[in-house]
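The values are calculated or read from the model by the stated rules, or taken from the named source; none is laboratory data. Please read all numbers here as calculations on a predicted model, not as lab measurements. Here Cβ is always computed from backbone atoms with ideal geometry, including for glycine, and neighbour counts include all displayed protein chains.
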Amino acid sequence: MTPIRIAIVGAGRLGTFHARQAAELEALEVVAVCDPFQASREKLAAEIGVEPVADYRSLIGRVDAAVIATPTVSHFEVASRLLEAGVHALVEKPVTPTCEQANELVELAEAKGLTLQVGHVERFNPAFEAVRGEVSSPKFIQATRTSGYTFRSTDIGVVLDVMIHDIDLAISLAASPVVEVQAMGLSVLGGHEDMVDARLRFANGCVAHLTASRVSYQQQRTMQVFSDRAFAAIDFQTRKATTLHPRPDVLARQFSVPGLDAAQVEHYRENLFDTLLVKSEHEWPAVNAIGEELKDFARAITTGDPPRVSGVAARDALAVAEQILDSVATHAWDGKRVGAFASPRAGESITRAA
């Protein structure tokens, strides 16, 4: 099978990861690395043995697909131009700065019959993929994603930089529209929000509580999912998951605590997670999630099937992110506008700086 000719647009940290992985895949032929900064493009292009290119527009007619790993503010310009020219696109998250732009890309890709995939890479984490089926139709989701300040992605805040992963995961698990958003947040090291706590309510009754910080001294990427049949705790960093499966009589509400004698109480207290709530621990070997993402991109292009994270899924996550940013702004306590897209709701008297 003829490999898909692909270019890497953006030679920064994520572009480098994509380039190295794409160069290892038989389904892809990396044609060029594109970046306006000469030193960056030449260094990465030399590493994988391809042509350095300064202007992404020169790739039109030479490639079948492109990875767009440029700053978020340029995603729409680059992706729309390449899609218009018939180039399949894998755009790093967030797909665009605004939901309106994301919708334009979705419509353009659909009109052109092209694959638009977005880099919500946690969907390819083996721990998440392995246990998600055990907690289908969740009732409650709690996610925490914190780290120190990296001094990257400073053109966006923590919601679009970090929390967007958990927004996407929660939507994919709940499989239901978000009908209510409440959020609080604050800025610490710049003009964008650095810490946010959000509560989402879905139309099917599921509730998700998401916490994200990029000014934390603790690095954590975890999620707990509660369904009416099981519980799962996922650690995305270690690729470990713990599941709890209630015994059938517990699920059927036939287990009676008041009816236990003293010996039974002692037994169940000491063996709770072996008897009533059966605990299982799992660990998966390391995989390169970006490599798996690129394989999925190649598969989608070749078969015409949707990618695991489509432009539609990314747009929906971005729409919720915008609601979170708006809610953060409405709860500002210092009178200042926080977040790139935050705006006061109609009728509010809170004054914010422009």
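When GLU110 is tested against (1) more than 16 Å from PRO307 (Cα to Cα); (2) surrounded by fewer than 21 Cβ atoms within 10 Å (Cβ to Cβ), only condition (1) is not met.
Selection of helices (runs of 4 or more DSSP H) fully inside segment 248-320 by the criterion of at least 2 residues being among the β-branched types (Val, Ile, Thr) returns 289-303. A Cβ distance below 9 Å, combined with a sequence gap of six or more or placement on separate chains, defines the contacts here; from segment 265-282, residues that are assigned by TED's automatic domain parsing to the domain that holds ASP249 and at pLDDT 95 or above reach residues that are in a helix (DSSP H, G or I) and of a type in the set (D, E, K, R) in the pairs LEU276/ASP249.
Among (1) loosely packed, with under 13 Cβ neighbours inside 10 Å; (2) closer than 27 Å to GLU283 by Cα; (3) more than 21 Å from the chain's Cα centre (by Cα); (4) touching a residue at least 40 places away in the same chain (Cβ under 8 Å), where does PRO248 come up short? It is condition (4) that PRO248 fails. Screening ARG20 on (1) part of a helix (DSSP H, G or I); (2) under 20 Å from ALA298 (Cβ atoms); (3) at pLDDT below 95 shows it passes everything except condition (3). Scan segment 59-81 for residues that are surrounded by fewer than 14 Cβ atoms within 10 Å (Cβ to Cβ) and closer than 30 Å to CYS99 by Cβ and the total you get is 1. Any residue at all in segment 264-273 that is polar (S, T, N, Q), surrounded by fewer than 17 Cβ atoms within 10 Å (Cβ to Cβ) and over 30 Å from GLU322 (Cα atoms)? The answer is yes; a qualifying residue exists. What residue, among those in segment 1-11 that are in contact with a helix residue (DSSP H, G or I) (Cβ under 9 Å, 6 or more places away or on another chain) and surrounded by fewer than 17 Cβ atoms within 10 Å (Cβ to Cβ), is modelled with the highest pLDDT? Only one residue tops the list, namely PRO3. Per the listing SER172, SER187, SER136, the residue uniquely surrounded by 17 or more Cβ atoms within 10 Å (Cβ to Cβ) and at pLDDT below 95 is SER187.
Being surrounded by 12 or more Cβ atoms within 10 Å (Cβ to Cβ) and over 26 Å from THR72 (Cα atoms) is the requirement here; does THR330 meet it? Against the criterion (surrounded by 12 or more Cβ atoms within 10 Å (Cβ to Cβ) and over 26 Å from THR72 (Cα atoms)), THR330 does not qualify. The strands (runs of 3 or more DSSP E) located wholly in segment 51-121 include none with 3 or more residues which are modelled with pLDDT under 95. Of all residue pairs spaced 6 or more apart or on separate chains, none has beta-carbon atoms under 7 Å together with a first member in segment 35-57 that is touching a residue at least 24 places away in the same chain (Cβ under 8 Å) and on the phi > 0 side of the Ramachandran plot and a second member that is surrounded by 14 or more Cβ atoms within 10 Å (Cβ to Cβ) and assigned to a helix (DSSP H, G or I). Report yes if some residue within segment 191-204 is under 17 Å from GLU134 (Cα atoms), touching a residue at least 12 places away in the same chain (Cβ under 8 Å) and surrounded by 16 or more Cβ atoms within 10 Å (Cβ to Cβ); otherwise report no. Within segment 191-204 (the criterion being under 17 Å from GLU134 (Cα atoms), touching a residue at least 12 places away in the same chain (Cβ under 8 Å) and surrounded by 16 or more Cβ atoms within 10 Å (Cβ to Cβ)), the answer is no, since none of the residues qualifies. In segment 285-313, the residues that are hydroxyl-bearing (Ser, Thr, Tyr) form Cβ pairs under 8 Å with partners that are not in a helix (DSSP H, G or I), at six or more places apart or across chains, as follows: THR302/MET1; THR302/ILE4; THR302/ALA27; SER310/LEU116; SER310/GLN117; SER310/VAL118.
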